[in-house]
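**Q** Structure in structure tokens, see below.
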Amino acid sequence: MDNVVNSIRDPQIFGNKSLTDVTEDVCNVMDRKPKKLWWIGIILSLSALLLGIVAVSYQIATGIGVWGLNKTVGWAFDITNFVFWVGIGHAGTLISAILFLFRQKWRTSINRSAEAMTIFAVICAGIFPIIHMGRPWFGFWALPYPNFRGPLWVNFRSPLAWDVFAISTYLIISATFWYIGMIPDFATVRDRAKNKMKKFIFGILSVGWNGSFKVWHRYEALYGILAGLATPLVVSVHTVVSFDFATSAIPGWHTTTFPPYFVAGAVFSGFAMVLSLMIIARKTLGLEEYITINHIENMTKVIIVTGGIVTLSYATEFFIAWYSGNGYEQFVFLNRALGPFSWAYWIMVGCNLITPQFFWFRKIRRNVLLVFILTIFVNIGMWFERFVIIVTSLHRDFLPSAWSTYSPTLVEISTLIGSFGLFFTLFLLFIKFFPMIAIGEVKSVLNYRGRGGK
Amino acid sequence: MEKYLVGEFDNEYDLKDAVSAIRNDGFIIEDAYTPYGVHGLDNAMGLKPSRLAKVCFGFATLGLTVALWLQYLLSAVDWPINIGGRPWNSVPAFMPIAFEVTILFAGLGTVFSFFLWRKFKIAKRNYHPSFIATDNKFFVVIYKGEQRKPMSSAIEIIHQFHGKKVEA
């Protein structure tokens, strides 16, 4: 084999790995006893999860009166968390599907865990509308099934019914995509497993995969199709979520810019979350040669772009409020920036507008600790964005006599903490028990600089 | 094993070149086994493009039809309810669900067809105990019989591209 090496390009994977090295490095993470840091993480997240379970059980047993909602602010913390978690999920699909279609080879080291993150985030998101129903055991009423109440069907004209379809389709398709992507790696794990139990479990999961190229050939077609389907799906999901607001007649919600604004914000917050998770994972699992500084730098660049779109959306909203000449619309936006919730508004603006600007500097993009801190700020800012949109638009409505305020109760805060607990518990279990880096895909980019680079 | 000749390689380029050369010599390539999807090997092996895209389109059309038809049937025929004075058959409002169901049908249908193609058993089990292509080895499996040249010339090509014959 001729050794043509393109010296301009950095390799995708550092450390001059051979094919076996990749198998060993990734599978060793699953074999080794977890480090102390992992145990600390799982204990913390399980405690948070427990707190959440207690809070949700109390809320279900008592009723949603335990939340701080009132007749003016009918949606607040719960829906904020729902939109926040759905948004987090979007980066996973963007990395796994859209970057795949654009042939961005650097996605190979991070796509598996980003997809896992998507699924866990959508699970967290799905909990909130269900507990918001108050009687979650009747949650299945949201589905159109033949029933003895008429049959009385769901209202297909309602954005909330669209949500049910969008979120469940998103969960099913992402989980399928994730599983299909893991089949070859399950086979790798099966073939090197010494433990009988592990061989058996991964034998079932890998459905007899043995690397036959005739299968690979169909498999790649299937993977491309799923990527092609997931791309419009991910855009549609947050569009539908934004319809929950945009199709209403509430000033501050009723805008046509919401779909692109929400999708960009989702990718923005999702990439921040992927970065935070990847920085922790590469450090604790010793995978710095796979999730390299170049990956981190690439992701920060996506944050600059989507952060820019979010900034533009904030400006557009204000401009349109002024330009519309609609007094209610103008009041809502002035009230956002200067009213009782202005602290939340300025946290949002500070985190989402200023933070990404730091990433213009290469020195900062390549400083792992700084990137980690900045992504946490983006996450905080994007949570507040949803809070600001939802609460400030509602709390001072058309009639001043109905004006009210909102503050979350302990139950609501515990539920939010619980959802983080669920998310991190699932993620930590995933990195322990599954191949967290796509072994097969990373192998295909090892020769990126040589004849493999296209 | 008697029916097949198996060659082993250390990298995708040797495998790809050897497969092309062996096929040009008139041998029948039964299959190749690789740890990852090798780009361009499908052309070297002369595999036809997969028909999954057409299957996907079929399922997508089915999903769209079912979703639109069902929403029409349930909201305009079975029990029409006046909600905000909108028409019984409010097609624009049915579009988001129609879109999601289309994607759902297309995705699950294509995945199902992929598994169905080998009756839920993705690949035949191994030709040889040492034959593990999920780590770092690349294999080509050549069908014996029907070729014009002796098998030794295929073995020669395998050696020429730094490969070796796997002994039964």
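**Q** Can you tell me which condition A:A193 does not meet? The list is (1) surrounded by 21 or more Cβ atoms within 10 Å (Cβ to Cβ); (2) touching a Lys or Arg at 6+ places or on another chain (Cβ under 8 Å), and all the others hold.
**A** Just one mismatch for A:A193, condition (1).
**Q** Hey, could you check segment A:74-102 for residues that are touching a residue at least 40 places away in the same chain (Cβ under 8 Å) and not in a helix (DSSP H, G or I) and say which is surrounded by the fewest Cβ atoms within 10 Å (Cβ to Cβ)?
**A** The selected residue is A:G74.
**Q** Restricting the search to segment B:66-100, which residues are more than 7 Å from every other protein chain (Cβ to nearest Cβ), within 24 Å of A:S168 (Cα to Cα) and not aromatic (F, W, Y)?
**A** Passing the criteria: B:V66, B:A67, B:L68, B:L70, B:L73, B:V91, B:P92, B:M95, B:A98.
Quick grid of which residues meet (1) within 14 Å of chain B (Cβ to nearest Cβ); (2) touching an Asp or Glu at 6+ places or on another chain (Cβ under 8 Å):
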{"site": "A:G228", "(1), (2)": "yes, no"}
{"site": "A:S236", "(1), (2)": "yes, yes"}
{"site": "A:V241", "(1), (2)": "yes, yes"}
{"site": "A:D244", "(1), (2)": "yes, yes"}
{"site": "A:I250", "(1), (2)": "no, yes"}
{"site": "A:V263", "(1), (2)": "no, no"}
{"site": "A:A266", "(1), (2)": "no, no"}
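**Q** Could you list all residues from segment B:12-43 that are in a loop (DSSP other than H, G, I, E, B), surrounded by fewer than 21 Cβ atoms within 10 Å (Cβ to Cβ) and within 13 Å of another protein chain (Cβ to nearest Cβ)?
**A** B:H39, B:G40
**Q** Name the pairs whose Cβ atoms lie under 8 Å apart, with the first residue in segment A:183-199 and at the interface with chain B (Cβ under 9 Å from one of its Cβ atoms) and without any contact (Cβ under 8 Å) to a residue 12 or more places away in the chain, the second surrounded by 15 or more Cβ atoms within 10 Å (Cβ to Cβ) and not β-branched (V, I, T), and 6 or more positions between them or separate chains?
**A** A:D191/B:D135
**Q** Among the residues of segment B:99-146, what is the count of those that are modelled with pLDDT under 70 and at negative phi?
**A** 11
**Q** Here is a further query. In segment A:103-121, which residues are surrounded by fewer than 24 Cβ atoms within 10 Å (Cβ to Cβ) and either part of a loop (DSSP other than H, G, I, E, B) or β-branched (V, I, T) (or both)?
**A** Of everything in segment A:103-121, those that are surrounded by fewer than 24 Cβ atoms within 10 Å (Cβ to Cβ) and either part of a loop (DSSP other than H, G, I, E, B) or β-branched (V, I, T) (or both) turn out to be A:R103, A:Q104, A:I119.
**Q** Okay, next question. Quick check on segment A:147-163: of everything there that is in a loop (DSSP other than H, G, I, E, B) and under 14 Å from B:P96 (Cα atoms), which residue is farthest from the other protein chains (Cβ to nearest Cβ)?
**A** The qualifying residue farthest from the other protein chains (Cβ to nearest Cβ) is A:S158.
**Q** Continuing with the same structure: Among the candidates A:G270, A:G203, single out the residue that is at pLDDT below 90 and either part of a helix (DSSP H, G or I) or out of contact with any strand residue (DSSP E or B) (no Cβ under 8 Å at 6 or more places or on another chain) (or both).
**A** Unique residue meeting the criteria: A:G203.
The values are calculated or read from the model by the stated rules, or taken from the named source; none is laboratory data. Predicted model only: the values in this text are computed from it and were never measured. Neighbour counts are summed over all protein chains in view; Cβ atoms, including those assigned to glycine, are modelled from backbone coordinates with ideal geometry.
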